[in-house]
1. Would you mind getting me the FRET efficiency between residue A:281 and residue B:202? Use the beta-carbon distance for r and R0 = 56 Å, nearest 0.05.
2. Compute and list, largest first, the equivalent-ellipsoid semi-axes of chain B from the alpha carbon gyration tensor, each √(5λ) rounded to a whole angstrom.
3. So for the stretch B:204-244, considering every pair of alpha-carbon atoms, how many percent are separated by more than 13 Å?
4. Whole Å is fine, so just give me how far the alpha carbon centre of the stretch A:34-109 lies from that of the stretch B:94-113.
5. Per 20 Å bin, what is the whole-percent P(r) computed from every C-alpha pair distance within chain A?
6. Just for the Cα atoms in the stretch A:206-503, what are the lengths along the principal axes, largest first, rounded to whole Å?
7. Can you give the local net charge around residue A:394? Use residues other than it whose beta-carbon is closer than 12 angstrom to its beta-carbon, Lys and Arg +1, Asp and Glu -1.
8. Checking the cross-link filter: which lysines have an alpha carbon closer than 21 Å to that of residue A:40, excluding same-chain neighbours under 8 positions apart?
Amino acid sequence: MPSTYTPGHNPLRSSADKRLPRIAGPCSVVIFGVTGDLSKRKLMPAIYDLANRGLLPPSFALVGFARRDWEDQDFAKEVHDAVREHARTKFDEDVWAQLSKGIRFVAGEFTDDAAFAKLASTLHELDEQRGTGGNHAFYLSIPPRFFSVVTEQLKRSGLSHSVEGAWRRVVVEKPFGHDLESARELNEILGQVFPSGSIFRIDHYLGKETVQNLLALRFSNTMFEPLWNCNYVDHVQITMAEDIGIGSRAGYYDGIGAARDVIQNHLLQLMALTAMDEPTSFDARSVRLEKEKVLAAVELPADLDAHTARGQYLPGWQGGIPVKGFLQEDNIPADSITETYAAIKLEVANRRWAGVPFYLRTGKRLARRVSEIAVVFKRAPHLPFQATDTQELTSNALVIRVQPDEGVTIKFGSKVPGTQMEVRDVTMDFAYGDSFTENSPEAYERLILDVLLGEAPLFPRHEEVEMSWEILDPILDHWASRGQPPGYDSGGWGPIQADDMLARDGRSWRRP
Amino acid sequence: MTLRLESTNASDIASAISAERHRKGATATGMVMTLVIVADEEYQADATQAAASSAGDHPCRILTVIPRPGRGEPQLDAGISVGDSEGPGELVRLRLRNSLAEHPASVVLPLLLSDTPVVAWWPAGHPADLATDPIGRLASRRIVDTTSTDAFVSALIERKAHLATGDTDLSWTRLTPWRAALAATLDQPYEPITEAVVYSEAIPAAPLMRTWLEWRLGVPVTYLDSEGPAINQIILRTTGGAITITRPTGHMATVERNGIAVKELFLPRRSVKDLISEELSRLDPDDTYEETMSRLDITRLEPDNDGAADQDDTAGEQTENTTEGP
Ligand SMILES: NC(=O)c1ccc[n+]([C@@H]2O[C@H](COP(=O)([O-])OP(=O)(O)OC[C@H]3O[C@@H](n4cnc5c(N)ncnc54)[C@H](OP(=O)(O)O)[C@@H]3O)[C@@H](O)[C@H]2O)c1
């Protein structure tokens, strides 16, 4: 009988009915660290935007936990201000009024048993009053050193335990440790309290439209995949450049550095998605399997001095503004060896990629903010032109622009109009309107909704995290033994050592 | 800025678009489709504007065809704007004067973007058979709005009779938030459903909703007249009580299960811009709409009570909605 309830089957849904959006079921989101930067700038606005797009259930609650002497309405005002300032969609009084009815605040320290008992009773009340149905997501937007005390408290107070037909999930942010050992520890801490399917690691890059489009580009077209291998690809450059310095985040950044902050998670994930084979389907498990195969096949160069580079930004000018050097930033010791720029060369030891280097680089205070994956092709084996005709021609490239200005660029040679034969590089751009910018959901909206729906394809699992550290640890150890990194000019494209690193291979960095 | 060409032809228009594009620095943005709007002078401005603002989501070339039948010599006048304040895409208003009004395809065909999908939209009033219409034939998606017609009952009958793959009705698009809200209520456990009731003004969306619910739930669905606005209440009766969604003002709705736990839900009536943008985001045929139309019972397009507007209140819903005007 179609009108009877069977779990997992809803008569009003059908795979053919593609226009029907999925709405999260009854649930609450509990944020630890609501007073923090991430919560204000991203999480609370994303929750409002989801509500405004009609994707949150009527039975939704948002619970804040922090060491503030606040009442529910004080917290509601904080959320309101954050939403007003940072939400992507228009502010609607009715949506706000409805959302704010489910807002609660619990005051306390992480070590305070009574506070967690209060949290438990608050969630219980919400189940009764708002019908959140025992489904709760705990978002740990706090420094990772507190993960163990918070998860311990969640366990002790019975909050991590889900009853039949309801779920408890935990969401954590990077950094997922600072090396393999600490990552394992962290995974163990979480794993003792939550089953691995209930742990969601946020890598907001994976929620971005273009990153998902990378999979569409590769696996829905016939045009690119035949070229996507060592027969045609010369090398791959994956860049994430920031124009800002470390700002006020010295406490977080010192001792972490560019490689741990960006390469371990974002760049290695982008590399895995670029290099992986076609998954059998796009469910979480199949995609992860392919990514893991790539990570397992990654090989480091033997000579790390020659094939990696690091640096610290010097005082100077960035985009017309005088800026401090890294060592002059507040709360950074003058002898800090933390790198603010990191570039590494990796190879993937499999048939598809043998001999194709993947160059990964990231840095702060570079010329502009840009992230991209550039697949650079080999030169044509023979050019039936005079050498002077093709002087201006470099390699063909396919560039996936992750941000800003998300889209795809193809670079190829074209004849310059006129009677002479002159071939030069031209580019062809595709950007899907503004839909990748203003109107497309923030990565956080998508990821939070996926957490609430329990859909996991976009979240890295602990195996991947550990494999990434296995790749990075030897490089980090090597750097640690080499003292202070060289300086590089603020507002440029990184240290001279990084240019030398590519020059040694007869290549050069693209100017993104 | 709008470039005006009078007494022109398609080839001159095409050259003017491309010149205009080069002058703007050869806009890098690729166009993903051509949208052809067919509307009378009275409706073209609003529709073109709605489409132009959704071109932010879907960069496209918009061709607004405005038939101006009359007696004199056939004449084509065009207004062209490329990537300006009206929107990021290319926008061409085509006034087809006198006997040219009967030959719109001759103007539109040369102006379609190469090898990308074509969508046709009749914002108010449309030919009976879309798929064989000269403009409709060029398009893979054909969008009409039966809500904009005065006699919607006959409009639905006509649509059903001529239904072809790729047809869409914005009356159906309007139902998406309602359908999503209903589906969400059934993601949670419920007792077997025995019947359902749809309260609505007399609009085409109401019989479509009734048909979809009957098809999906396999239970009888009553459609009762109300003062709306639009659909203002839907009740799913189960052996354990009722699941009721009530939307008194066309904005916020309440969800009730078994007369308790009234919760609010954002269920806004949407602008034509939002509707068209939703339609353009999927260019494949809407199978669910087509199936619903094929199941539509043309003898049951009107309310089961003829205008008595007495809502059933055994489910505990507020009856005051019935007294509220649209
Ligand atoms: N900000 C970002 O863009 C970003 C990006 C990626 C990952 N992350 C990660 O996201 C998490 C949060 O980042 P954030 O930038 O929001 O950090 P933050 O601004 O430093 O906020 C940390 C939060 O933790 C709370 N907290 C710290 N120590 C506490 C204690 N002993 N007892 C109770 N509460 C304590 C703080 O509350 P008080 O106000 O009471 O101190 C604050 O709400 C971190 O894991 C970070 O690594 C952040």
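Taken together, the values in this text are just the output of simple stated rules run on the coordinates, not laboratory data. Predicted model, so just to flag it, every value in this text is computed and none were measured. Positions of Cβ are backbone-derived with ideal geometry, glycine not excepted, and every protein chain shown enters the neighbour counts.
1. Taking R0 as 56 Å, the efficiency between residue A:281 and residue B:202 is 0.75.
2. After diagonalising the Cα gyration tensor, the semi-axes are 43, 20, 17 Å.
3. 56
4. About 53 Å separates the Cα centre of the stretch A:34-109 from the one of the stretch B:94-113.
5. 20, 52, 25, 3, 0
6. Its Cα atoms span 60, 51, 43 Å along the three principal axes.
7. Within the 12 Å Cβ shell, the charges total +4.
8. By straight Cα distance, residue A:40 reaches A:77, A:90, A:101, A:174, A:208.
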